[in-house]
Amino acid sequence: MAARTGVTLRRLVPAVYAPILFGTLGSSMLIPVMPLYLTDAGLSLESASVVLAGVGIGASIAGLPVGSLIAKRGEYTALLVAFGVMALVGLPLGFTDSVGLLVGLRVLFGGAHVALRLSRQTYVTRRVPVDQRGRAMSYIGGSNRVALLLGPVVGGVVLDRFGYKATFIVAALTAGLGLAQALVSRDVGLPLLDQSSTRRLVGGMVVGLRTHWRRLLIAGWVPLHVAAARRGRYVVLPLIADELGVSPAGIGAIVTVSTMADLALFPVAGYVMDRFGRLWALIPSFTLMSVGLVWLGTAASTSAVVAAGAMMGVGNGLSSGGLMTYGSDLSPDDAPGPFLAGLAIFEDVGAIAGPLVVGLVGAQLGLGAASVALAILMAIGGAWLLGAIGETSVRAAPRLFGSKLD
């Protein structure tokens, strides 16, 4: 088993992990750059917020078109489209201050990221056996985390030394390198699990969703709640730290501690999911994140905030690639692309909802209550997974999925 897994993971590098690394690295370079660029260009805070929200908007509306593209043209075509759009869109971002154009470009950028993610998730789903899928997906999560750790640093250094335009050019060139690498690799790495599966795919997005809509609605509650809590913590953690008088540098250090704890555990997540089952990684992960959010909400000192952030980082690291594995396990053989695209919409809606929960609850009841609200959302996702879905690594196990639902 270990030898087979090692060979599988190595063969996934050119087709899966390298594209994820290139794509996320290029976009994460702009994380610290875009807000500064927009404000220096004279945009108001409201206008800048709309532009920055464009990626999330693009991600939420692109899921279905991307799923349709995968169903009709395959995951490799979706990968090429993703990198092509990233390379073309990334460059003009740094050469305009038009709010309308900036929003449109960011929406396209968000859609391209969804295409990248879904194309690689579908690739793994159709080629990696269930008993190795957790590790394969966890390394996608790890590749994302590495890029998210390095990208902002690279973007900040390039900005300091060469200015805004050079930073956007480097980000676009990184996406271009990803496109070149994808053209060279041509998704050649692993054969389909079932060579006849290409002939059994249902006819497009609409048919796929119509056939499996009940399965999708039941499965979607987990990524919806989990994504809301995950994204919301990035808002509430620095705000609570600021309330306690932590300096901006200290807040950055707290976030870094959480990120490093997260990054260190992605290989463990994959091993546990494949060796013991998905629930053995996901339920402890969601529990630690829920407890960490409650701890954060009741924190009265900087040390408590640091400890809560570290706990959430450990918890999040234990579920690295977990939602992708979950979706892959439950995706029907005849419509993996449409199903995964549908789940991506649930996840993206949750990611949009998380910061809104922090804002609404925080304004009425305080940031501590907002953190506890996020903990409740995470707990609901874990309870639904444990009580309604069950262990997904065994096809017969999910409690609410059966022939009657499909």
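The values are calculated or read from the model by the stated rules, or taken from the named source; none is laboratory data. Model, not experiment: these values are computed from the prediction. Heads up, the Cβs are rebuilt from the backbone with ideal geometry, glycines too, and the neighbour counts pull from every protein chain shown.
Considering the range 78-131, and only residues there that are free of Cβ contacts under 8 Å to residues at least 60 places away in the same chain and of a type in the set (D, E, K, R), the residue that is surrounded by the most Cβ atoms within 10 Å (Cβ to Cβ) turns out to be 106. Scan the range 141-176 residue by residue and report those that are closer than 17 Å to residue 259 by Cα and either surrounded by fewer than 20 Cβ atoms within 10 Å (Cβ to Cβ) or of a type in the set (S, T, N, Q) (or both). Across the range 141-176, the qualifying residues are 143, 144, 146, 148, 149, 150, 152, 153, 154.
Note on the range 59-73: residues that are surrounded by fewer than 19 Cβ atoms within 10 Å (Cβ to Cβ) and touching a residue at least 12 places away in the same chain (Cβ under 8 Å) amount to 4.
Across the range 309-359, the qualifying residues are those that are without any contact (Cβ under 8 Å) to a residue 60 or more places away in the chain and hydrophobic (A, V, I, L, M, F, W, C), and the one among them that is surrounded by the most Cβ atoms within 10 Å (Cβ to Cβ) is 318. Whether a residue is under 24 Å from residue 134 (Cβ atoms), surrounded by 15 or more Cβ atoms within 10 Å (Cβ to Cβ) and among the hydrophobic types (A, V, I, L, M, F, W, C) was assessed, and residue 52 does not pass this test. Would you check if there is a residue in the range 220-227 being at pLDDT below 90 and not assigned by TED's automatic domain parsing to the domain that holds residue 139? No, there is no match, as no residue in the range 220-227 is at pLDDT below 90 and not assigned by TED's automatic domain parsing to the domain that holds residue 139. Just one residue in the set 348, 333, 329 is part of a helix (DSSP H, G or I), under 20 Å from residue 136 (Cα atoms) and of a type in the set (D, E, K, R); that residue is 329. Residue-level analysis places residue 237 among those that are at pLDDT 85 or above, out of contact with any Asp or Glu (no Cβ under 7 Å at 6 or more places or on another chain), outside any loop (DSSP other than H, G, I, E, B) and surrounded by 13 or more Cβ atoms within 10 Å (Cβ to Cβ).
Conditions (1) at pLDDT 70 or above; (2) among the polar types (S, T, N, Q); (3) touching a strand residue (DSSP E or B) at 6+ places or on another chain (Cβ under 6 Å); (4) surrounded by fewer than 18 Cβ atoms within 10 Å (Cβ to Cβ), marked per residue:
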position	(1), (2), (3), (4)
187	yes, no, no, no
197	no, yes, no, yes
201	no, no, no, no
209	no, no, no, no
241	yes, no, no, no
251	yes, no, no, no
254	yes, no, no, no
257	yes, no, no, yes
269	yes, no, no, no
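Residue 169 meets the conditions (1) modelled with pLDDT under 80; (2) over 24 Å from the mean Cα position of the chain (by Cα); (3) farther than 27 Å from residue 267 by Cα in every case but one. The failed one is (1).
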